[in-house]
Structures are given as structure tokens and as C-alpha cells.
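In what follows, a single structure is set out as C-alpha cells and then discussed.
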Amino acid sequence: MSVWEFFASHQREILEATGVHLFLVTMAMTIAILIGVPLGMILVKRKSLRAIALGVASILQTIPSLALFGFLIPLPFLGGIGTRTAVIALVLYALLPILRNTVVGLTSLDPAVLEAAEAMGMTEAQILWRVRLPLGLSVILAGIRTATVITIGVATIAAAIGAGGLGSFIFRGVAMVSDAVILAGAIPAALLALAADAALGLIERKLKVV
Amino acid sequence: MFTPWPRGVNREMNAKPEILGNITIEFRDVEYHVHGTSRDAILSHIRLKILRGETVVLLGRSGSGKTTLLKLINGLLRATSGSVYVNGRPVDESDPIQLRRGIGYVIQEGGLFPHYSVTENVALVPRLQGWEDSRIVARVEELMKLVGLDPYEYAQRKPRELSGGQRQRVGVARALAADPPILLMDEPFGALDPVTRAELQREFAELARRLAKTIVFVTHDLREALRLGTRIILLCEGKIVADAKPEEFLQVEHPEVQAFASSFEVGEAQP
């Protein structure tokens with residue numbers, strides 16, 4: 001069976017899997033952003049804590065994704081089989097690029113601008129919200145963009161712990177030794193990644209100040 | 001010692017004739033060390049009284065401590081020992097936010113917020129102070145005219161759409177926005193081409209005379225110091241080595257003064 005024949009005959013199934021995939025990615029990214037960006041904001045003025053947080057996030061990133069899914073299964077509350085575990089694993093993966101870029105975006109501003117802000121009598125909070133955040137937004141968004149592309153890829157492995165998504169075709173295809181079935185998962189996943197990358201890249205350029 | 005500004009400019013001076021009331025900024029035996037060891041002293045034994053309405057120029061080479069001295073005034077840096085007083089209150093005991101809102105600050109290239117328009121940059125401190133919108137609008141227009149920028153043409157521009165000289169003008173307008181009695185300027189005209197610099201110096205000298213503010217101005221340019229200052233303080237390796245009126249400054253017998261004077265003669269013709 002050729003790739004196109006498989007696509008044509010399994011249209012609905014592929015579309016459904018894409019929907020599940022998108023759901024996993026969106027959930028994971030939303031949670032990762034809600035954790036990563038505020039955490040990065042908190043770390044701006046806490047240098048020692050910053051090293052620890054970035055270190056932990058880096059270590060999480062080095063765990064092979066399949067292993068991370070596996071480690072999570074036996075955990076109480078967080079673990080088990082299915083969507084919740086998958087989303088948690090994806091969040092842990094997405095955290096590093098978001099956190100790192102948030103910290104970098106908020107701290108690597110023109111020192112003259114920060115000095116002026118301080119000298120004008122702005123409070124730390126005012127400097128954070130009115131100067132650091134708007135000026136660091138494009139860097140933060142670049143991190144979100146990287147994280148999104150990674151998450152779309154890693155989410156294919158979520159099928160291994162029963163969370164579904166486009167990965168289910170890939171695993172099935174590997175088991176059946178069928179390129180067509182593998183591609184039915186891989187091509188939509190790649191297209192999703194490209195589309196997300198392009199869309200977020202566009203927003204990122206719009207937000208760039210200087 | 002007592003007439004560094006033109007007569008009649010400072011009305012409050014006549015109301016409060018006692019000398020103490022006229023000391024705006026005072027350094028009492030201030031030391032500043034980088035790592036708390038005296039080997040790394042940036043400033044040592046600084047004793048200095050700056051009177052209301054003076055334009056004091058802090059002159060010195062790179063690394064002489066002049067910028068450090070300036071930043072001790074608005075609490076961007078804290079003295080290692082000794083105290084700095086602003087309006088009779090020790091900086092260490094003042095709320096830094098309130099202190100800084102009463103002190104204008106201008107730096108090289110303006111340090112403007114790149115994501116704010118000219119108007120938003122100038123309106124920053126009044127907005128922080130919670131002024132009403134109508135008052136802010138009027139104030140911004142007034143200030144832009146004061147620093148020689150047409151409000152209709154420049155109000156909505158972003159800093160990157162301005163020339164260096166225009167950015168510097170906006171920087172001055174922003175520092176003056178809430179009408180602070182003290183203005184600190186750290187080589188504000190340092191990054192400008194010579195023609196624009198001379199133009200801004202001339203306008204600023206005029207502005208300083210009219211506004212009757214206490215101004216502390218950092219520069220390494222003797223010509224600028226002579227043009228703008230009502231008093232010139234020369235720093236050398238963290239110490240005050242000369243403190244004189246501009247017309248007397250070149251006669252001070254200190255090797256560092258003479259070093260500046262000779263570089264002046266060799267490098268540039270008299271203004």
C-alpha cells in the first residue's frame with residue numbers, strides 16, 4: 001500500500017490523531033509557559049536560585065524522552081498510563097527552553113536602559129513589567145517557539161504510554177514494518193512543527209523592539 | 001564661595017539666607033571600595049558641599065571615580081563608609097525610590113526606553129508620580145519645546161528614529177519632567193559629534209542658567225567643564241585634587257590640572 005492510499009483510506013483516523021496530538025501539545029505548552037515564564041521572572045533578581053533552576057531544567061532535558069515517559073508511569077498522582085502522564089512529561093521537556101529564554105530575555109538588556117530605569121525611581125516590579133518584559137518578549141517567544149517544535153516531536157512518543165496522537169501511527173508502522181503507516185504519523189507531525197514554527201516566528205518578529 | 005549663580009535666579013535663597021539650608025548635596029568623608037578592601041578604593045576621603053543652584057562639573061580621566069561619585073548621590077551605589085546627604089537627609093536612610101524621583105538623571109546616549117515613544121519616555125516620571133493625563137500632556141509639550149524638539153514632529157517617534165543629538169535632548173527632557181531640584185548628568189554629550197556637542201552644550205548652558213537647578217555634571221572634557229560649570233572639581237585616582245571656579249581653574253597648581261591644561265592646549269584651540 002502506498003503512502004497516499006493509506007492517507008486516503010485513513011483520513012478520519014489521521015485527522016483524529018492530529019487533533020489528539022495538538023491537544024497534548026497545547027496542554028503541555030500552556031502549562032509549561034505558565035510555569036516557565038513566571039519562574040523566569042522570579043529568577044531575575046535571584047542569581048543563585050537561577051543557576052539551580054536552570055540546572056534542574058537542563059538535567060530534565062537530558063533524560064531520553066522514552067525513558068522519561070517510562071519513569072513517570074509508576075509515580076503516584078502524576079503517573080499512570082495515558083494523557084496526564086504524557087502531558088507532564090512534555091511539560092518537563094518544554095520547560096528548559098522557555099525558562100532559559102525568559103531568564104536571558106529579562107536579564108540581557110542594555111545596561112544603560114536598566115540604569116536609567118532605576119535612576120528614574122522605578123521600583124523593581126515596575127522595571128520588570130514595564131521595561132524588562134516588553135523588551136525581553138521576543139527572546140521569551142523564541143524560547144516558546146523552540147519548545148513548541150520540540151514538544152510536537154516528542155509528543156509522538158506519548159503514544160508509547162497510551163496517550164495516542166500521531167505517534168500511534170509511527171509505532172504501529174514500526175511494528176508492521178510499513179513506511180506508509182510511519183509516514184502517516186510523521187508527515188502530519190512534521191507539518192504541524194513547521195506551521196507552528198512559522199506562525200510563532202512571525203509573532204516573534206512583530207514583538208521585536210530594536 | 002557664595003555667588004556661583006547669577007543674582008536673583010534663586011528666589012528661595014533670599015527667603016532662607018542661612019548657609020546650611022543652601023547645601024543641597026554633601027559628602028562627609030566618603031569612601032567607596034569595590035570589595036570592601038582599601039586596596040580597591042575607587043573614592044577616598046571625599047568631602048564636598050554642593051550648594052543649591054550650582055552647576056558642579058566633576059572632571060577627571062577614565063577611572064578617576066567621577067561616575068561613582070555621581071551614583072552615590074542618587075543611591076545607585078552605596079558608600080563603603082562616610083555618608084552622603086541630599087537635602088540634609090542621609091541617602092542611606094532615604095527611600096531610594098522617592099529620592100530618585102526627585103533627582104533627574106541623564107546618561108550618555110540618553111538611556112531611553114527603546115519600546116517607548118518620545119512622549120512616553122518624557123512622561124515616565126510624571127506617570128510614576130501619578131500625575132493627571134492632561135497635566136502630563138501639557139508638561140511633555142512644554143519640555144520638548146524647552147529642549148528644542150518640535151512636539152508635532154517628534155512626539156510619536158521611537159528613540160531609534162532619532163539622531164544621537166535628538167536622543168540626548170529627549171534624555172534631558174525626561175530628566176526634567178517632574179521638575180526635580182537636582183539634575184545628575186553622566187557625560188551626557190560624550191557620544192555626539194563635535195558640532196552637535198557644541199550646539200547642545202551651548203543650549204544646555206543657557207537652560208541651566210534659566211532653570212536654577214543644582215546640577216552635577218560628569219565629563220572628561222576640560223573644554224566642556226569650562227563652558228558649563230560654575231564650579232569645577234577635578235578628581236584624580238579617587239581623590240578631589242582641585243575645586244575651583246572655571247576662571248580660576250587653570251591656575252590651580254596641581255600636576256593633574258596642568259596635565260588637563262596641556263592636553264587642552266595641544267589638542268584643541270581655545271573656544
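Matching residues to (1) surrounded by fewer than 20 Cβ atoms within 10 Å (Cβ to Cβ); (2) touching a helix residue (DSSP H, G or I) at 6+ places or on another chain (Cβ under 6 Å); (3) of a type in the set (Asp, Glu); (4) over 30 Å from residue A:62 (Cα atoms):
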residue: A:110; (1), (2), (3), (4): yes, no, yes, yes
residue: A:115; (1), (2), (3), (4): yes, no, yes, yes
residue: A:120; (1), (2), (3), (4): no, yes, no, yes
residue: A:129; (1), (2), (3), (4): yes, no, no, yes
residue: A:133; (1), (2), (3), (4): yes, no, no, no
residue: A:136; (1), (2), (3), (4): no, yes, no, no
residue: A:156; (1), (2), (3), (4): no, yes, no, no
residue: A:161; (1), (2), (3), (4): no, yes, no, no
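Can you find a residue that is touching a helix residue (DSSP H, G or I) at 6+ places or on another chain (Cβ under 8 Å) and of a type in the set (S, T, N, Q) anywhere in region B:130-149? The answer is no; no qualifying residue exists. Could we say that residue A:100 is closer than 26 Å to residue A:195 by Cβ, surrounded by 15 or more Cβ atoms within 10 Å (Cβ to Cβ) and basic (Lys, Arg) here? Considered against the rule, which asks whether it is closer than 26 Å to residue A:195 by Cβ, surrounded by 15 or more Cβ atoms within 10 Å (Cβ to Cβ) and basic (Lys, Arg), residue A:100 comes out as yes. So, residue B:48, is that one surrounded by fewer than 23 Cβ atoms within 10 Å (Cβ to Cβ) and closer than 24 Å to residue B:260 by Cα or not? Yes, satisfied.
Of all the criteria given as (1) buried (at least 17 other Cβ atoms within 10 Å of the Cβ); (2) polar (S, T, N, Q); (3) within 14 Å of chain A (Cβ to nearest Cβ), the one not satisfied by residue B:80 is (3). Within region B:197-217, does at least one residue satisfy the condition of being over 20 Å from the mean Cα position of the chain (by Cα) and of a type in the set (Ser, Thr, Tyr)? No, region B:197-217 contains no residue that is over 20 Å from the mean Cα position of the chain (by Cα) and of a type in the set (Ser, Thr, Tyr).
Among the listed residues B:176, B:162, B:149, identify the single one that is more than 10 Å from every other protein chain (Cβ to nearest Cβ), surrounded by fewer than 19 Cβ atoms within 10 Å (Cβ to Cβ) and in contact (Cβ under 8 Å) with a residue 24 or more places away in the chain. Explain how you work it out, then say what you get.
Working: B:176 fails: surrounded by fewer than 19 Cβ atoms within 10 Å (Cβ to Cβ); B:149 fails: surrounded by fewer than 19 Cβ atoms within 10 Å (Cβ to Cβ).
After ruling out the rest, the residue left standing is B:162.
Starting from region B:91-115, take each residue that is without any contact (Cβ under 8 Å) to a residue 60 or more places away in the chain and within 7 Å of chain A (Cβ to nearest Cβ) and list its partners that are surrounded by 23 or more Cβ atoms within 10 Å (Cβ to Cβ) and part of a loop (DSSP other than H, G, I, E, B), counting only C-beta distances under 6 angstrom and pairs at least six apart or across chains. Pairs that qualify, where the first residue is without any contact (Cβ under 8 Å) to a residue 60 or more places away in the chain and within 7 Å of chain A (Cβ to nearest Cβ) and the partner is surrounded by 23 or more Cβ atoms within 10 Å (Cβ to Cβ) and part of a loop (DSSP other than H, G, I, E, B), are B:97/A:121; B:100/A:121; B:100/B:74. Of the helices (runs of 4 or more DSSP H) that lie entirely inside region A:61-170, those containing 1 or more residues that are away from chain B (no Cβ under 14 Å) span A:65-72, A:83-107, A:133-154. If we keep just the residues of region A:171-210 that are within 14 Å of another protein chain (Cβ to nearest Cβ) and assigned to a loop (DSSP other than H, G, I, E, B), which is farthest from residue A:136 (Cα to Cα)? Going through the qualifying residues, I end up with A:210. Restricted to region B:179-271, the set of strands (runs of 3 or more DSSP E) holding at least 1 residues that are free of Cβ contacts under 8 Å to residues at least 24 places away in the same chain and surrounded by fewer than 20 Cβ atoms within 10 Å (Cβ to Cβ) comprises B:239-244.
Can you tell me which residue within region B:51-76, out of those that are more than 16 Å from the chain's Cα centre (by Cα) and surrounded by fewer than 23 Cβ atoms within 10 Å (Cβ to Cβ), is nearest to residue B:231 (Cα to Cα)?
Let us first name the residues in region B:51-76 that are more than 16 Å from the chain's Cα centre (by Cα), namely B:61-64.
Among the residues that remain, those that are also surrounded by fewer than 23 Cβ atoms within 10 Å (Cβ to Cβ) are: B:61-63.
On the way: B:61: 17, B:62: 20, B:63: 21 Å.
Looking at the filtered set, the residue picked out is B:61.
Number of residues in region A:1-42 that are outside any helix (DSSP H, G or I) and not polar (S, T, N, Q): the value is 2. Criterion applied to B:136, B:107 was being buried (at least 17 other Cβ atoms within 10 Å of the Cβ), within 30 Å of residue B:259 (Cβ to Cβ) and not hydroxyl-bearing (Ser, Thr, Tyr), and the one residue passing it is B:107.
So that you can scan it fast, the table gives a plain yes or no per residue for (1) more than 15 Å from residue A:99 (Cβ to Cβ); (2) free of Cβ contacts under 8 Å to residues at least 60 places away in the same chain; (3) surrounded by 13 or more Cβ atoms within 10 Å (Cβ to Cβ):
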{"position": "A:8", "(1), (2), (3)": "yes, yes, no"}
{"position": "A:15", "(1), (2), (3)": "yes, yes, no"}
{"position": "A:32", "(1), (2), (3)": "no, no, yes"}
{"position": "A:43", "(1), (2), (3)": "no, no, yes"}
{"position": "A:49", "(1), (2), (3)": "no, yes, no"}
{"position": "A:54", "(1), (2), (3)": "no, yes, yes"}
{"position": "A:74", "(1), (2), (3)": "yes, yes, no"}
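Where a number appears in this text, it was derived from the coordinates with a stated rule and is not lab data. Just so we're clear, the structure is a prediction, and the values are computed from it rather than from any experiment. In this analysis, Cβ positions are derived from the backbone assuming ideal geometry, glycine residues included, and neighbour counts consider all displayed protein chains.
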